[in-house]
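Colleague: Quick one: the structure is below, and I'll ask about it shortly.
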Amino acid sequence: QVQLVDSGGGLVQAGGSLRLSCAASGRTFSNYVMGWFRQAPGKEREFVAAINWSGRIFYADSVKGRFTISRDNAKNTVYLQMHSLKPEDTAVYFCAADYSRVILTTAREYEYWGQGTQVTVSS
(Lines give C-alpha, C1' and ligand atoms only; values in the text may rest on other atoms or scores of the structure.)
Protein backbone atom coordinates (compact mmCIF):
# COMPACT_ATOMS: atom_id res chain seq x y z
CA GLN A 1 0.00 0.00 0.00
CA VAL A 2 1.03 3.56 -0.74
CA GLN A 3 -0.52 6.55 0.96
CA LEU A 4 -0.43 9.93 -0.79
CA VAL A 5 -1.18 13.31 0.76
CA ASP A 6 -1.59 16.30 -1.57
CA SER A 7 -1.08 19.87 -0.43
CA GLY A 8 -0.29 23.36 -1.65
CA GLY A 9 -3.44 24.38 -3.46
CA GLY A 10 -5.09 27.74 -3.04
CA LEU A 11 -6.48 30.85 -4.68
CA VAL A 12 -4.18 32.81 -6.99
CA GLN A 13 -4.61 35.50 -9.60
CA ALA A 14 -4.01 34.80 -13.26
CA GLY A 15 -0.31 34.92 -14.01
CA GLY A 16 0.60 33.79 -10.51
CA SER A 17 2.37 30.70 -9.25
CA LEU A 18 1.73 27.83 -6.88
CA ARG A 19 3.69 24.76 -5.84
CA LEU A 20 1.86 21.56 -5.07
CA SER A 21 3.40 18.80 -2.99
CA CYS A 22 2.56 15.15 -2.64
CA ALA A 23 4.02 13.21 0.27
CA ALA A 24 4.14 9.44 -0.14
CA SER A 25 4.50 6.73 2.45
CA GLY A 26 4.26 2.98 2.65
CA ARG A 27 6.61 1.57 0.03
CA THR A 28 9.89 2.33 -1.73
CA PHE A 29 8.98 5.64 -3.30
CA SER A 30 11.69 5.57 -5.93
CA ASN A 31 10.19 2.49 -7.59
CA TYR A 32 6.97 4.29 -8.44
CA VAL A 33 6.00 6.48 -11.34
CA MET A 34 4.36 9.63 -9.99
CA GLY A 35 1.76 11.64 -11.82
CA TRP A 36 -0.36 14.74 -11.42
CA PHE A 37 -3.91 14.92 -12.73
CA ARG A 38 -6.62 17.53 -12.45
CA GLN A 39 -10.37 17.56 -12.59
CA ALA A 40 -12.54 20.60 -13.18
CA PRO A 41 -16.27 20.60 -12.34
CA GLY A 42 -18.24 18.62 -14.90
CA LYS A 43 -15.12 17.40 -16.67
CA GLU A 44 -13.17 14.18 -16.70
CA ARG A 45 -9.92 13.81 -14.81
CA GLU A 46 -7.09 14.82 -17.12
CA PHE A 47 -3.38 14.13 -17.17
CA VAL A 48 -1.03 16.99 -16.27
CA ALA A 49 2.48 15.57 -15.80
CA ALA A 50 4.37 12.45 -14.79
CA ILE A 51 7.88 11.51 -13.69
CA ASN A 52 9.34 8.05 -13.47
CA TRP A 53 12.08 6.50 -11.35
CA SER A 54 14.90 7.73 -13.60
CA GLY A 55 13.61 11.27 -13.83
CA ARG A 56 12.05 10.93 -17.25
CA ILE A 57 9.24 13.48 -17.52
CA PHE A 58 6.17 13.97 -19.69
CA TYR A 59 3.75 16.91 -19.76
CA ALA A 60 0.35 17.55 -21.19
CA ASP A 61 0.55 20.08 -24.01
CA SER A 62 -1.70 22.48 -22.08
CA VAL A 63 0.88 22.93 -19.29
CA LYS A 64 4.16 22.49 -21.17
CA GLY A 65 6.49 25.39 -20.49
CA ARG A 66 4.47 26.59 -17.48
CA PHE A 67 4.49 23.62 -15.09
CA THR A 68 7.44 21.63 -13.76
CA ILE A 69 7.21 18.24 -12.09
CA SER A 70 10.02 17.03 -9.86
CA ARG A 71 10.62 14.43 -7.20
CA ASP A 72 12.80 14.15 -4.12
CA ASN A 73 13.23 10.46 -3.39
CA ALA A 74 14.97 11.17 -0.09
CA LYS A 75 11.86 13.00 1.11
CA ASN A 76 9.35 10.69 -0.63
CA THR A 77 7.79 13.77 -2.19
CA VAL A 78 6.78 14.84 -5.67
CA TYR A 79 6.19 18.47 -6.58
CA LEU A 80 4.32 20.37 -9.24
CA GLN A 81 5.57 23.92 -9.69
CA MET A 82 3.00 25.94 -11.60
CA HIS A 83 3.76 29.32 -13.19
CA SER A 84 1.76 31.66 -15.43
CA LEU A 85 -1.46 30.20 -14.13
CA LYS A 86 -4.62 30.73 -16.14
CA PRO A 87 -8.29 30.58 -15.10
CA GLU A 88 -8.62 27.38 -17.14
CA ASP A 89 -6.10 25.74 -14.79
CA THR A 90 -8.74 25.89 -12.05
CA ALA A 91 -9.40 22.33 -10.86
CA VAL A 92 -8.84 19.86 -8.08
CA TYR A 93 -5.32 18.51 -8.53
CA PHE A 94 -4.53 14.92 -7.59
CA CYS A 95 -1.23 13.15 -7.33
CA ALA A 96 -1.07 9.49 -8.27
CA ALA A 97 1.40 6.63 -8.00
CA ASP A 98 1.89 3.29 -9.63
CA TYR A 99 4.53 0.58 -9.41
CA SER A 100 5.88 1.09 -12.90
CA ARG A 101 9.15 2.09 -14.50
CA VAL A 102 7.51 3.66 -17.52
CA ILE A 103 5.67 6.94 -17.81
CA LEU A 104 1.91 6.52 -17.43
CA THR A 105 -0.47 9.16 -18.73
CA THR A 106 -3.98 7.82 -18.15
CA ALA A 107 -5.81 7.84 -14.83
CA ARG A 108 -6.89 4.20 -15.02
CA GLU A 109 -3.24 3.09 -15.06
CA TYR A 110 -2.54 4.50 -11.60
CA GLU A 111 -3.34 2.46 -8.53
CA TYR A 112 -2.86 4.98 -5.73
CA TRP A 113 -4.31 8.47 -5.40
CA GLY A 114 -4.07 11.44 -3.11
CA GLN A 115 -7.14 13.17 -1.75
CA GLY A 116 -6.78 16.18 -4.05
CA THR A 117 -6.05 19.84 -3.49
CA GLN A 118 -8.08 22.72 -4.93
CA VAL A 119 -6.40 25.23 -7.23
CA THR A 120 -8.46 28.29 -8.15
CA VAL A 121 -7.13 30.89 -10.58
CA SER A 122 -9.05 34.16 -10.72
CA SER A 123 -9.08 36.37 -13.81
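Colleague: Explain nothing, just the number: dipole magnitude of the chain about its Cα centre with +1 on each Lys and Arg Cβ and -1 on each Asp and Glu Cβ, in debye rounded to the nearest 20.
Modeller: Approximately 220 debye in magnitude.
Colleague: Arrange the residues 51, 103 by how much accessible surface each exposes, largest first, with a 1.4 angstrom probe.
Modeller: Numbers: 51 10, 103 35 Å².
Ranked list, largest accessible area first: 103, 51.
Colleague: At 1.4 Å probe size, what's the solvent-accessible area of residue 18? Round to the nearest 10 Å².
Modeller: Estimated to the nearest 10 Å², residue 18 gives 30 Å².
Colleague: Rounded to the nearest percent, how much of the accessible area of the range 1-75 (1.4 Å probe, protein heavy atoms only) is carbon and sulfur?
Modeller: It is 48 percent, rounded to a whole number.
Colleague: Right, next: Just in the range 19-123: which GluC sites (Glu not before Pro) are loop by DSSP and have at most 14 other Cβ atoms within 10 Å?
Modeller: Taking the range 19-123 and a limit of 14 other Cβ atoms within 10 Å, the loop GluC sites (Glu not before Pro) found are 44, 111.
Colleague: Choose one of 116, 81, 41: the residue whose Cα lies farthest towards the positive end of the charge dipole of the range 41-123 (beta-carbon charges +1 Lys, Arg; -1 Asp, Glu; about the Cα centre).
Modeller: Working it through, the farthest residue towards the positive pole turns out to be 81.
The values are calculated or read from the model by the stated rules, or taken from the named source; none is laboratory data. Being a predicted model, the structure only gives us computed values, none of them experimental. Please note: Cβ atoms are built from the backbone with ideal geometry, for glycine as well, and neighbour counts cover all protein chains shown. Surface accessibility is based on the protein's heavy atoms, side chains included, excluding ligands, DNA and RNA. Shrake-Rupley method; radii C 1.70, N 1.55, O 1.52, S 1.80 Å.
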